[in-house]
């Protein structure tokens, strides 16, 4: 990919994509000691940056005079980008998605007019099936990341950042297959070499991180993360060749850190971002990279989250931020026992969310019961006060 490709992509996208200025966050700046800007691609057309690469690729195909159908494989956001771009160009699209894809993403893809086929347990399985269908039908395959035109489309994000924030110091980019990271890295480094580019992956889907450390592509045997949008077993060959030359560093974040960041975004900015979209900001908020005194841009890459999945992420995030406390308390199984414990918890202004009795554990005496209690607390200090009060009252906790 050359910079000229990026400027051509910008022209193709100029009348399609939303113009979303960088958003300066006082809250996140205060927490980190730097100046944090959010690039809100979750508010982009189709709900993510993916529409940029898909539209650039398909529009270029149409401009060349080709009339073939297109096919793609995707965990969700690329699917919607391809479906939208194909519809706008009057081309039929078929998308193969993993069976684990959130329902919201499947429905949205079908809404844009594409035929959806669910296959396999992860992106790589869906990709193999899509290639098989391409070979049978002759449809043009639209790569999600390992394609010059797709990378050039994603790279327009970097172009916008450096044009808007001339004194940017570091940009954090979520990465799965690497198309967005590669495009931003090469574009930004070509225009402003002083800007640091840091890629961010989920801890248990860190193929690019491992590849970056070894200097060669690594394929993972398995991946497991709530960030389905960046759950890729092996980076692209083209994307990795760019990443190893232009990216300054790679970081990983845990699912708990991602979930905590999603809650922080909901509470502080009133924005809902999908797990993959929160990864870059999670790296900054968790202190994985010191941005003190620097202008840092965190890319929120997508917002296509299944509504039915939000409560699970919130619960995971609350536990990670120590806003939810799970207790296992051994007490005498007598009338009024629960009331006494409830009084202690209420006296510390903690809120009981759920209670479950366990009378069958082999370690219990005949007159004992284990209470599994989930409480809402304000943080670690509050949780410790509650635990101390229960211990002071003579309760044993597991």
If you scan the range 362-398, which residues turn out to be over 39 Å from the mean Cα position of the chain (by Cα) and surrounded by 11 or more Cβ atoms within 10 Å (Cβ to Cβ)?
364, 368, 369, 391, 393, 395, 396
Among 195, 188, which is the only one that is at pLDDT 95 or above, touching a strand residue (DSSP E or B) at 6+ places or on another chain (Cβ under 8 Å), surrounded by 24 or more Cβ atoms within 10 Å (Cβ to Cβ) and over 12 Å from residue 53 (Cβ atoms)?
188
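Only one residue in 282, 213, 278, 259 is out of contact with any helix residue (DSSP H, G or I) (no Cβ under 6 Å at 6 or more places or on another chain) and either under 25 Å from residue 124 (Cβ atoms) or surrounded by fewer than 18 Cβ atoms within 10 Å (Cβ to Cβ) (or both). Which one?
213
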Confirm whether residue 344 is outside any loop (DSSP other than H, G, I, E, B) and either modelled with pLDDT under 80 or not assigned by TED's automatic domain parsing to the domain that holds residue 255 (or both).
yes
Here are some conditions: (1) free of Cβ contacts under 8 Å to residues at least 60 places away in the same chain; (2) buried (at least 16 other Cβ atoms within 10 Å of the Cβ); (3) farther than 22 Å from residue 83 by Cβ. Residue 39 meets all but one. Which one does it not meet?
(1)
Show the residue pairs meeting these rules: Cβ distance below 7 Å; 6+ apart or different chains; first residue within the range 290-308 and in the same structural domain as residue 101 (by TED's automatic domain parsing); second residue crowded, with 24+ Cβ neighbours inside 10 Å and at pLDDT 95 or above.
none
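Kindly indicate whether residue 107 is assigned to a helix (DSSP H, G or I), within 19 Å of residue 309 (Cα to Cα) and out of contact with any strand residue (DSSP E or B) (no Cβ under 6 Å at 6 or more places or on another chain).
On the way: assigned to a helix (DSSP H, G or I): yes; within 19 Å of residue 309 (Cα to Cα): yes; out of contact with any strand residue (DSSP E or B) (no Cβ under 6 Å at 6 or more places or on another chain): yes.
In short, yes.
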So which residues in the range 17-56 are assigned to a loop (DSSP other than H, G, I, E, B) and touching a helix residue (DSSP H, G or I) at 6+ places or on another chain (Cβ under 6 Å), if there are any at all?
17, 18, 20, 22, 49
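The values are calculated or read from the model by the stated rules, or taken from the named source; none is laboratory data. Since the structure is predicted, the reported quantities are computational estimates derived from the model, not experimental observations. Ideal geometry is used to build each Cβ from the backbone, glycine not excepted, and the neighbour counts take in all protein chains shown.
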